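Peer 1: I have a structure I would like to understand better, so I am pasting it below and will then ask my questions one at a time.
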Amino acid sequence: MPTVSRSDLLLPAEPGQRALARELYALAAEQPIISPHGHVDPALLAEDCPFPDPARLLIVPDHYLTRMLLSQGVPPADLGVPSVDGSPVETDGRTIWRRFAAHWHLFRGTPSRLWLEQTFRDVFGVTTALSPATADAVYDELAARLAEPGFRPRALFERFGIEVLATTESPLDDLGQHAKLAADGWGGPGGRVVTTFRPDDVVDMEFDNWSANVDRLAEVSGEDTGTYAGYLAALRRRRAAFVAAGATSTDHGHPTARTLALDAAEAAALYDRGRRGRADAADAEAFRAHMLLEFARMSLDDGLVMQLHPGAVRNHNRWLHARHGRDVGGDVPQATEYVHGLAPLLDAYGNDPRLRVVLYTLDEDTFTRELAPLAGGYAALHLGAPWWFLDSPEVLRRFREAVTETAGFYNTAGFVDDTRAFCSIPVRHDVARRVDAGYLARLVAEHRLPLDEAAETIVDLAYRLPKRVFKFGEAS
């Protein structure tokens with residue numbers, strides 16, 4: 001069997017297209033990383049402590065990995081995932097690693113395996129193939145690297161070539177870690193770390209402890225959230241604090257993409273029902289939908305880019321949520337409707353180029369039918385990259401094929417890694433750049449795009465577009 005160079009990873013198999021893709025990928029590979037949406041804990045960089053053992057760095061927090069093993073009967077507790085109900089969990093890193101390696105075959109063909117193998121090789125220089133037999137050897141190699149100063153978080157940030165890293169915080173966060181980074185004058189050479197305003201926990205009436213969170217919002221903002229008007233004032237004040245801390249965008253993780261225009265009296269009555277504990281599911285959905293219009297109005301005032309991440313059924317695995325809490329792999333996608341759901345927001349603001357809404361989906365059936373035509377028809381809309389369950393080589397290819405003919409390249413917003421796993425950031429961006437190189441190479445081979453334009457386009461997709469769309473400054 002002929003061998004394929006690792007340098008040709010994910011590039012087209014056809015020799016002519018592969019040669020073109022190599023040229024294009026080389027241009028993308030040298031670009032700095034713009035990471036405009038993700039969930040890395042800013043404390044990681046603010047405190048710059050050494051990473052823990054390999055299991056706690058790479059396995060325990062990665063719900064892509066732990067949910068796959070759960071699907072095969074391995075409980076998250078056996079992989080060290082913290083419990084919220086007081087039940088015991090495994091604490092020995094080597095034991096967790098061995099258990100994971102014993103099930104490594106489950107990840108054949110998955111993006112999780114691709115990302116992890118690239119992380120081993122490209123980040124840590126570990127080339128030993130993982131297997132049950134090599135588990136200890138790989139663990140020891142990784143542990144040795146983690147003990148070196150060059151593998152501390154700030155050193156890796158610089159080596160990864162990250163120009164901007166956006167984290168995601170609640171309005172209730174005091175942004176102390178970002179303040180520490182600013183006080184240190186640190187963002188890496190030529191780089192910076194910024195926050196993102198994510199208000200779900202004070203907007204979604206179905207969120208755990210919503211009313212108590214709104215009380216806390218009053219405390220941190222200095223505004224009276226006893227009234228709807230005071231609530232809006234508190235949100236505006238917190239947005240201003242986020243802008244002062246470097247934020248350029250907001251993020252909204254709603255179950256649906258519904259938007260709704262209520263007058264002030266209707267919105268206030270809805271808010272009051274929620275505060276009295278009398279709101280039902282329909283009220284909660286209506287309030288979320290209305291608040292997206294409110295946030296769009298606020299964005300016109302303060303310039304923050306809006307990101308909308310709809311379509312996740314949160315905590316679908318109720319046992320997992322009860323045992324281990326949120327964000328541990330218990331969520332699943334659902335069908336999501338955009339054309340009618342977004343109509344109130346687009347009627348109000350869709351043609352105003354001052355507003356930027358980056359729209360994501362977990363429902364790839366909507367790429368061609370809804371998202372590309374919407375983004376191709378409204379000045380305010382940009383399409384976000386495939387995320388979460390869709391963040392894979394195959395869907396990244398299908399995304400380009402589905403949306404380019406209607407929305408073009410320049411109504412998309414570039415790649416976002418959307419990750420908590422800091423060490424996977426360069427790997428995920430590399431995968432996206434390779435996929436785009438392959439897609440553009442095919443356009444060149446089919447005489448649909450000149451090579452010089454493809455070369456300009458891949459640099460735009462990798463660097464210039466996300467930098468411009470998310471307002472990190474114009475790329476040269």
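The values are calculated or read from the model by the stated rules, or taken from the named source; none is laboratory data. Being a predicted model, the structure only gives us computed values, none of them experimental. No Cβ is skipped: glycine too gets one built from the backbone with ideal geometry, and neighbour counts run over all protein chains shown. Accessible surface areas use protein heavy atoms only, side chains included; no ligands, DNA or RNA. Shrake-Rupley method; radii C 1.70, N 1.55, O 1.52, S 1.80 Å.
Peer 1: Working carefully through the options Glu364, Glu337, find the one that is modelled with pLDDT of 95 or more, touching a Pro at 6+ places or on another chain (Cβ under 8 Å), of a type in the set (Asp, Glu) and not in a helix (DSSP H, G or I).
Peer 2: On inspection, the qualifying residue turns out to be Glu364.
Peer 1: Shifting gears a bit: Looking at the stretch 66-97 only, could you name the residues that are in contact (Cβ under 8 Å) with a residue 60 or more places away in the chain, of a type in the set (Gly, Ala, Ser) and assigned to a loop (DSSP other than H, G, I, E, B)?
Peer 2: Ser83, Ser87
Peer 1: Would you mind finding the one in Thr256, Thr250 that is in contact with a Leu (Cβ under 7 Å, 6 or more places away or on another chain) and either in contact (Cβ under 8 Å) with a residue 40 or more places away in the chain or surrounded by 17 or more Cβ atoms within 10 Å (Cβ to Cβ) (or both)?
Peer 2: Thr250
Peer 1: Shifting gears a bit: Given the structure, is Gln72 among the polar types (S, T, N, Q), open to solvent by less than 60 Å² (accessible area, probe 1.4 Å) and more than 22 Å from Leu165 (Cβ to Cβ)?
Peer 2: no
Peer 1: Select from the stretch 94-113 the residues that are open to solvent by 20 Å² or more (accessible area, probe 1.4 Å) and either of a type outside the set (A, V, I, L, M, F, W, C) or under 27 Å from the mean Cα position of the chain (by Cα) (or both) and list them in ascending order.
Peer 2: Residues satisfying the conditions are Arg94, Thr95, Arg98, Arg99, His103, His105, Leu106, Arg108, Gly109, Thr110, Pro111, Arg113.
Peer 1: Determine whether the stretch 247-270 contains at least one residue that is among the small types (Gly, Ala, Ser), within 30 Å of Ala182 (Cα to Cα) and not in a loop (DSSP other than H, G, I, E, B).
Peer 2: yes
Peer 1: Inspect the stretch 420-443 for any residue being of a type outside the set (Lys, Arg), surrounded by fewer than 19 Cβ atoms within 10 Å (Cβ to Cβ), without any contact (Cβ under 8 Å) to a residue 12 or more places away in the chain and part of a helix (DSSP H, G or I) and give the result as yes or no.
Peer 2: No, the conditions are met nowhere in the stretch 420-443.
Peer 1: Would a scan of the stretch 190-213 turn up a residue that is under 27 Å from the mean Cα position of the chain (by Cα), open to solvent by 30 Å² or more (accessible area, probe 1.4 Å), basic (Lys, Arg) and modelled with pLDDT under 95?
Peer 2: Checked the stretch 190-213: at least one residue is under 27 Å from the mean Cα position of the chain (by Cα), open to solvent by 30 Å² or more (accessible area, probe 1.4 Å), basic (Lys, Arg) and modelled with pLDDT under 95.
Peer 1: Could I ask something else about it? Does Gly38 satisfy the criteria of being small (Gly, Ala, Ser), surrounded by 18 or more Cβ atoms within 10 Å (Cβ to Cβ) and not in a helix (DSSP H, G or I)?
Peer 2: Here the answer is yes, as Gly38 does meet what is asked.
Peer 1: Does His63 satisfy being open to solvent by 10 Å² or more (accessible area, probe 1.4 Å) and touching a residue at least 40 places away in the same chain (Cβ under 8 Å)?
Peer 2: yes
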